[in-house]
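Engineer: Can you keep this structure in mind? I'll have questions shortly.
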Amino acid sequence: MEERELHRQFKIRISGIELGKHCFSIDCDKEFFDLAGIDKLLDGHLNLRIEMEKSEKMVDFQCHFEGDITAECDRCLEPVTLPMDFDERLLVKLVSENYRSEEEQEDEIWMMDENTYEIDLFHFVYESIVLALPIRIVHEDDADGNPTCDPEVMRRLEEMNAEATEKEQGTDPRWDALKNIKLD
């Protein structure tokens, strides 16, 4: 799909739409991740269901993300597939054109001109996905609590850890004098 066409899916028309609930569905896949610049994700497919409720001065977006993503394991660098299932909400307050009060702006509420034709949710979807990713992406441990990462990488990590522990055992004699300092 062309980049423009992909980005266009995230523009939701609000002008001239009847008051009430409206539902949309968008697929976020590898093309979306590449376009959004989410380098951490190698592949995946998330289905985004948007329920938009429009009132006179407010548009409420209830977004449900569901699917799987594939990312690089932080421990062994092999691909790991993670299930994703989360909700996000965005409130858009429609204000008059001359309303620009900075004190009343909130993070959870977007202020937009009431004459706005459409809302671009691309960046909101990007942020929602990135914030839903775990801080540390690793393969799950098995039933015994052992890592299921690439065995060769795990063996090498254990060797490197043992070498580092050996180096820590012996201290530099130049620092031994600091052990005798008494702090009151």
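Engineer: What strands (runs of 3 or more DSSP E) completely inside the stretch 1-105 contain at least 3 residues that are in contact (Cβ under 8 Å) with a residue 40 or more places away in the chain and of a type in the set (A, V, I, L, M, F, W, C)?
Structural biologist: 41-54, 58-72, 79-95
Engineer: Hey, does the stretch 43-52 have a residue that's closer than 30 Å to Asp150 by Cα and of a type in the set (Asp, Glu)?
Structural biologist: Scanning the stretch 43-52 turns up at least one residue that is closer than 30 Å to Asp150 by Cα and of a type in the set (Asp, Glu).
Engineer: Still on this structure, please answer the following. When the stretch 122-140 is examined, which residues are found to be of a type in the set (Asp, Glu) and either outside any helix (DSSP H, G or I) or over 18 Å from Ile26 (Cα atoms) (or both)?
Structural biologist: Glu140
No value in this document is a laboratory result; all are computed from the given coordinates. On a predicted model such as this, the values are computed, not experimentally measured, just so you know. In this analysis, Cβ positions are derived from the backbone assuming ideal geometry, glycine residues included, and neighbour counts consider all displayed protein chains.
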